[in-house]
Every structure is written in structure tokens, then in C-alpha cells.
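The values are calculated or read from the model by the stated rules, or taken from the named source; none is laboratory data. Predicted, not measured: the structure shown is a model, and the values here were computed from it. Backbone-built Cβ (ideal geometry, glycine too); neighbour counts: all protein chains shown.
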Amino acid sequence: MNASSIDRITSDAGEVDAVTLKITERTKKIATDGTPVDELVVNVGPSHPSTHGVCRVITHVDGEIVTKAEPVIGYLHRGVEKIAENRTYLQVVPLTDRLDYVGSMYTNWAYSRSVERLAGIRVPERAEYLRVITCEMQRMASHMMSLGSTSGDSGATTAFIYSFDIRERVIEFFEDLCGSRLTYNYVRPGGVSMEVPDGWFDDILAWLPIARQSLSELDRLFFGNHIARGRLKGIGVLSAEDAVSWGASGPVARGSGVNWDLRKHDTYSVYPRFDFDVPIGSNGDAYDRARCRLFEVYESMRIIEQAIEQIEPGPIKADGIPRLIAPRPGDAYDHIESARGSLGVYLVSDGSPRPYRMKVRSPAFCNLALLPMLAEGHTLSDLVIVLGSLDPVFGEVDR
Amino acid sequence: MALVDKLGAALDSSGGGIILTTVDSLADWARGKSLWSMPMGTACCAMELIAGSFSKFDFDRHGTFPRPDPRHVDVMIVAGTITRKMAPAVKRIYEQMAEPKWVIAMGNCAVSGGIFYYDSYSVIRGVDEILPVDVYIAGCPPRPESMQDAVFQLREKIATESIAPGKKREVEFSLPMPGAGVRGGDAE
Amino acid sequence: MKINELREHLCAQYPDLCPLFSIEFGDGVLLVECGQLLGAASDLRDLGFDRLGMVTAVDRGETFEMVYRLTSRSMSAGIFLKCEVPRDNPVIQSLTSLWPAANWHEREVYDMFGIEFEGHPDMRRILLPPEWEGYPLRKDYEDERIIHRPDYI
């Protein structure tokens with residue numbers, strides 16, 4: 001890229017401004033019956049007030065109705081997969097933290113599972129229980145962020161601030177556990193890195209009833225309001241066949257009625273020992289997806305209670321793992337159910353202590369490919385709602 | 001004496017409620033206590049920026065309120081990794097801000113490239129390659145309290161500037177200042 | 001479904017795919033030639049693999065190894081579909097006609113490796129800026145802006 005290209009943002013739709021809604025191109029299109037149709041190209045730029053991150057959507061609008069929406073991604077492409085080729089297996093764990101930064105715990109877990117599959121490491125049971133507890137708490141925090149930003153996008157800023165009540169408490173628990181508020185580096189190949197502090201489990205069990213109350217208050221505040229229903233119902237309808245053939249997973253697919261949750265149907269770790277339900281939607285619109293996320297938070301609380309009851313003392317790291325893990329040459333793929341869908345990591349090893357190739361199968365990337373199909377025919381203000389209901393995190397989309 | 005104390009004294013006294021101060025201190029007080037911010041949040045630090053604006057840490061009590069429009073703001077908080085594809089957008093938005101404007105670089109990625117400094121082909125190593133930065137906050141991600149401290153440091157820096165062109169007041173900073181945009185530069 | 005049952009199921013339905021199927025470290029792998037890719041993928045879709053998980057490539061020196069991960073909801077199983085593409089002519093058939101999910105995945109592989117997909121509706125870069133030169137995930141990618149980490153292990 002030379003110096004002149006640093007000044008302009010070019011796109012296939014023509015020269016467009018970064019932030020302002022400036023009319024740059026008016027194309028005179030002719031409809032099939034001969035009447036002229038005015039079409040505007042509006043750039044919803046990489047920096048916009050919706051909090052989901054850096055995504056640029058080049059929108060063709062006819063009046064207020066979106067005729068074509070094309071997302072342009074890559075504004076956060078940091079080359080993590082290339083960087084990982086020059087790090088040891090343990091040094092890659094902090095990099096995976098920064099991929100899905102709203103859910104660092106389960107991204108670490110997906111990567112660790114892949115390394116364990118490749119190297120044949122068996123994780124002790126207490127570590128598996130700790131992984132489940134922290135991952136379910138992380139799922140709660142991630143869904144609160146998603147519900148909050150959905151309500152913030154529809155205008156209910158108060159509900160956004162209320163949703164952070166649960167999220168901040170979860171982050172405080174994680175800070176007591178491993179010292180960091182956002183990027184934890186906690187789940188590592190072979191187990192987890194630190195033992196829980198004294199009284200941590202009791203504090204969580206004491207907090208869970210308060211969290212349920214807070215969540216039902218948020219439910220009444222936002223979803224009980226008919227404006228929220230009016231803004232979310234019927235927006236971004238996705239059919240079940242499309243969800244499967246486009247590779248959607250997580251609440252996006254479950255909101256359309258696809259009954260597929262890796263914790264139940266391709267189960268891993270100690271999940272078979274817990275009794276929980278998987279919320280399934282029926283209409284496939286933004287309302288169903290948001291409700292799926294809300295009910296998943298309740299189910300996560302159930303899992304946490306059962307896990308804390310069942311956990312036994314024991315080692316938290318597998319024995320005899322060297323600091324430089326050098327697995328056998330070959331490849332391995334393993335996946336978990338993250339808050340966004342099925343998150344998988346594919347690792348190729350050539351016998352050296354560094355991965356030969358690391359590929360992250362990110363659910364947010366696959367779900368975001370649905371945006372052009374879902375946003376067509378809706379208004380420009382609903383475009384933001386559709387983007388929010390797909391719940392993208394751009395660290396994961398762009399890697 | 002700080003302007004706020006003078007105001008208190010003026011209201012108490014029976015001398016008629018008159019304050020004598022300089023235009024500079026009035027301007028610095030007004031500018032420093034209401035720094036509206038443009039949250040240029042790209043990555044993980046944006047989550048801490050949002051958490052800093054909400055109830056638990058409450059940025060708003062310091063006068064810093066996030067506004068999404070560059071024309072309304074005084075300070076741009078660059079939070080997160082800036083890549084080569086994003087750099088023209090950040091520069092464009094900075095140019096659209098009205099004078100006087102300041103930049104806070106939040107988080108290791110905006111300060112120096114952070115964890116992506118080595119081996120990345122698309123990351124800009126520090127936002128001071130494209131913008132003049134006033135305050136650097138280290139951390140990955142920094143705590144919201146660090147961000148509030150950055151606002152206080154920025155107020156001190158604003159206090160060194162004068163509305164009379166060309167006049168600058170010397171102020172002692174507790175930490176050595178890095179040269180903006182200069183790799184390995186010493187404090188001059 | 002266990003991996004051996006999957007092998008029997010596959011061999012019963014599609015006997016000519018049977019010799020190409022192997023089990024490596026607990027995962028089923030179907031290794032096909034470039035020209036047979038679309039046929040084998042279509043057969044697997046009829047077998048019950050209704051979901052395309054990921055499409056990626058690995059730079060193996062003289063060839064690129066294309067790796068596809070397919071999942072089946074009804075059988076609760078996953079399988080790798082692999083084929084080798086020569087480095088001097090990296091062209092392969094696109095799977096967008098079978099699974100629309102392949103659209104963005106194949107654009108990303110083109111962006112990172114330079115492998116072109118025949119029949120893809122929209123073959124252009126997705127993650128890097130459109131005027132970028134070179135394909136970063138190839139092992140011989142040179143860029144003077146990269147600062148290399150010193151090797152000290």
C-alpha cells in the first residue's frame with residue numbers, strides 16, 4: 001500500500017466517506033415496468049455508535065428500505081494465525097484470549113482441547129469441572145453483553161446499563177480467580193492455571209439467586225416493553241434450512257428451530273453429568289434469538305449450581321506435561337459450544353514445539369455471512385438490529 | 001489557588017462576590033472538566049471503555065461523556081488494535097474533530113502494537129504512527145480506573161496550554177514524557 | 001456415531017469412496033483427487049453430512065492441502081475431506097453450489113493462500129484491503145514491515 005492509498009478508503013461501490021452519511025452516488029436505475037428508481041449508497045462506516053465493533057456495511061437503500069447490504073470486514077485482521085506459527089503451544093493461549101474477547105475462557109478452552117487431542121493429554125476431572133464452571137459464567141457474561149447491546153441499539157440505554165450488573169459481578173469473580181478482568185489466560189493445555197481462592201464457590205452460590213432476580217428484572221424492563229417487541233419481532237427472519245446450509249450455529253441457528261447444541265448432541269468434557277435444557281426458538285427472528293440468549297443464561301446458572309455441588313478436590317493440571325509441548329506430527333480438530341456457536345480450532349503439527357498451522361473456525365464469521373440475506377427488505381434502522389442479533393465479535397470474525 | 005476554591009471563597013465572603021482570575025485558568029477549568037470523548041474502540045479495550053462509562057466506574061462524573069460523532073468531541077480515545085485497513089478511517093475521523101483536540105492511546109495495542117508487535121503483517125505498531133498522542137495508558141486491557149487517571153493527566157496537560165498563541169507554561173510532570181511519534185526518543 | 005460405524009455406513013452406501021477413507025488418530029479422513037472433489041462432497045452430503053464446518057488450506061511446500069470439515073447432525077459425526085492442490089496451478093472447484101456457507105470460507109482461503117475457486121460467485125479478498133499484494137499465510141511470504149520475534153527457546 002503506497003502513501004496515497006492511506007488517504008482514501010476505496011470500495012467496489014465507489015468512493016465513500018468514512019462516517020458521515022454523504023450522498024456520493026445516485027444511480028438512476030430503471031425498474032422492470034419502466035419507472036425510474038432512485039437508489040442511494042449509504043456507508044455505515046467502520047466506526048459507528050453500535051458497539052459491536054469495526055464492521056463496515058455498504059448499504060444500497062431505496063428511500064428507507066435496504067435493497068442490498070454488503071458487510072466489509074477485515075478492519076481488525078491482525079494475522080493471529082500467522083503469528084501463532086512462530087509461538088510455542090503455550091504462548092498461543094494469550095493470543096486466543098484476544099480473538100473472542102467477550103468470551104476469553106471458552107476460546108482458550110477450544111484451543112486447549114485441540115492441543116490435548118493432538119498431544120494425547122488427559123485432563124484431570126477437577127480441571128474439567130473448573131473449565132465448565134468458568135465457561136458457563138463466561139457464557140452468562142457474554143450473553144449479558146449481547147442482550148445489553150441489543151437493547152442499546154433499539155434505544156433502551158437503561159437496559160444496557162442494567163445488563164452490566166450481572167456482567168460486572170462475573171468479571172469480579174474472575175478477577176478474584178485469576179487476576180484479570182477481560183483476558184484471562186486461564187484454561188491452558190493440560191488443565192487450568194490456578195486453583196480457586198477460598199470461599200469462591202460459596203460466594204458464587206450466594207450470588208446466583210440475586211443474579212436470577214436481576215435477570216428477571218431486566219426481562220421485565222426490556223422484553224416486557226411493547227416497543228422492544230415491536231422493534232425485534234419479525235426482523236431478520238432466518239429459516240431452519242438456510243441456517244443449516246449457511247453454517248449458522250449457536251443462538252442464531254437455535255432461534256430458527258434447529259435443535260443443535262454441542263453440549264447435548266456432540267457432548268464433550270463432563271457435560272453429560274448435568275441436567276439442563278436447550279432453548280429453541282420457532283420464528284427465527286431477532287426476538288427469538290434474543291430470548292434464546294436470555295434463557296441460556298438461566299440454564300447456565302443451573303449448570304453452575306450442579307457443577308459446584310459435584311466438584312471434588314484433586315489436581316488441576318495433568319501430570320508430566322513439558323513446558324515445550326511437541327506433539328506427534330499430524331492434525332486435529334476439536335470444537336466447543338461457545339456463546340456464539342460452534343467454535344473450533346484446527347491444529348497441524350510437524351513435531352516441533354510450534355504449531356505448523358493454526359486455524360480458528362469462528363462461529364461469528366459464519367453467522368455474519370447471513371447479513372446480506374437477512375437485512376434485505378428491512379429499514380436502515382433495522383439493519384443495526386439484525387447485525388446485533390447475529391452477535392458478532394470482530395476479534396473472532398477477523399482474527 | 002484553584003478556581004473552584006476561589007468560587008467558594010467568593011460566595012462566602014461579604015466582599016461582594018467578585019473573583020479575580022486569569023482567562024487561562026478559566027479556560028483550562030472549562031476544558032478539562034468537560035472532555036467529551038470519541039470512543040474509537042476497535043478490540044478488547046473497547047469492552048473496558050464501555051465498562052468505564054457504566055455504573056460501576058462512571059466516567060460521566062468526571063465530565064467525560066462518550067459521543068459517537070467526531071464534531072461533538074474534544075478527545076479521541078483510541079482503544080484497541082489499529083490495523084492498516086482501519087488506519088485511514090481513524091485518521092479521517094481525527095481530522096474531522098474540531099480544535100482543540102487531544103488523543104488518548106488506551107491499551108498496549110494502541111501504545112505500541114502490544115501482543116501483536118512481533119510477526120504481524122497488518123498491525124500498526126502504536127497509534128502514534130498516524131496521530132499525535134497526548135496520554136498513553138498501558139495495560140492489556142487497562143483497568144477503567146487507569147482510564148480515569150488518564151483523564152486527570154490530560155487535565156494537567158491542558159493546564160500547560162494557553163489561549164494566547166505561542167505562550168506555554170512550564171509544568172513539572174512526575175513521569176518522563178516520551179517524544180510523540182519518535183521511536184526511542186528522549187524527553188526534551 | 002462411532003468412527004467404525006461411520007466407515008461401515010460409508011462403505012455400504014458408496015463403495016468406491018471406501019478405499020479413500022482412512023482413520024487417523026481417531027478422526028475419519030477422506031482423501032480425494034482434485035477433480036473428484038465436487039462428486040465426493042455431493043455424495044457425502046447425500047449420506048447425511050449436511051453442514052460445512054470450515055474450509056482451510058495448509059502450505060505443504062510443493063502442494064497446498066485443502067481441508068474441509070463436514071458435520072452431520074443426524075449421525076452426530078464429523079469427517080475431514082482433504083485434497084492436494086499443486087502450488088504452481090492452485091485452482092480447485094468451489095463448493096458454493098452444495099453449501100452456501102462455503103462462500104466466505106473460500107474467499108478467506110483465496111485471500112490468505114491465493115488458491116482460486118472455479119464457480120465461486122464473488123472471488124475477491126475479504127480480510128485484507130483489496131490492493132494488498134501477496135498471500136500472507138504462505139510459508140514464503142516476505143514483508144519488510146514484519147518485525148520478527150527473536151528465537152530464544
Give the number of residues within the range A:106-126 that are surrounded by 24 or more Cβ atoms within 10 Å (Cβ to Cβ) and over 21 Å from the mean Cα position of the chain (by Cα). 2
Inside the range A:114-155, can you point out the residues that are basic (Lys, Arg), in contact with a strand residue (DSSP E or B) (Cβ under 8 Å, 6 or more places away or on another chain) and under 20 Å from A:Tyr184 (Cα atoms)? A:Arg131
Against the conditions (1) assigned to a strand (DSSP E or B); (2) among the aromatic types (Phe, Trp, Tyr); (3) more than 12 Å from the chain's Cα centre (by Cα), where does C:Phe64 fall short? Just the number, please. (3)
Search result, residues across the range C:45-59 that are closer than 21 Å to C:Leu10 by Cβ, surrounded by fewer than 23 Cβ atoms within 10 Å (Cβ to Cβ) and either more than 7 Å from chain A (Cβ to nearest Cβ) or free of Cβ contacts under 8 Å to residues at least 24 places away in the same chain (or both): C:Arg45, C:Asp46, C:Leu47, C:Gly48
Residues in the range A:194-203 that are touching a helix residue (DSSP H, G or I) at 6+ places or on another chain (Cβ under 7 Å) and either among the polar types (S, T, N, Q) or part of a loop (DSSP other than H, G, I, E, B) (or both) total 3
Suppose the filter is more than 22 Å from A:Met145 (Cα to Cα) and in contact with a Phe, Trp or Tyr (Cβ under 7 Å, 6 or more places away or on another chain); does A:Ile316 pass it? no
Criterion: in the same structural domain as B:Ser122 (by TED's automatic domain parsing) and under 24 Å from A:Asp165 (Cβ atoms) - qualifying residue of B:Gly41, B:Gly63: B:Gly41
Out of everything in the range C:104-125 that is of a type in the set (D, E, K, R) and assigned to a loop (DSSP other than H, G, I, E, B), what residue ends up being farthest from the other protein chains (Cβ to nearest Cβ)? C:Asp122
Within the bounds of the range A:140-153, is there any residue that is at pLDDT 90 or above, crowded, with 24+ Cβ neighbours inside 10 Å and among the β-branched types (Val, Ile, Thr)? yes
Of all residues in the range C:126-153, which are more than 8 Å from every other protein chain (Cβ to nearest Cβ) and in contact (Cβ under 8 Å) with a residue 12 or more places away in the chain? C:Tyr135, C:Arg138, C:Lys139
Any idea how many residues of the range A:75-111 are within 11 Å of chain B (Cβ to nearest Cβ), among the hydroxyl-bearing types (Ser, Thr, Tyr), closer than 25 Å to A:Glu337 by Cβ and assigned to a loop (DSSP other than H, G, I, E, B)? 1
Hits in the range A:241-276 - residues which are in a helix (DSSP H, G or I) and either buried (at least 17 other Cβ atoms within 10 Å of the Cβ) or touching a residue at least 40 places away in the same chain (Cβ under 8 Å) (or both): A:Asp242, A:Ala243, A:Val244, A:Ser245, A:Pro251, A:Val252, A:Ala253, A:Arg254, A:Leu262, A:Arg263, A:Tyr271
Residues that are touching a Ser or Thr at 6+ places or on another chain (Cβ under 7 Å), of a type in the set (Val, Ile, Thr) and over 16 Å from B:Cys44 (Cα atoms), drawn from the range B:81-110: B:Ile93
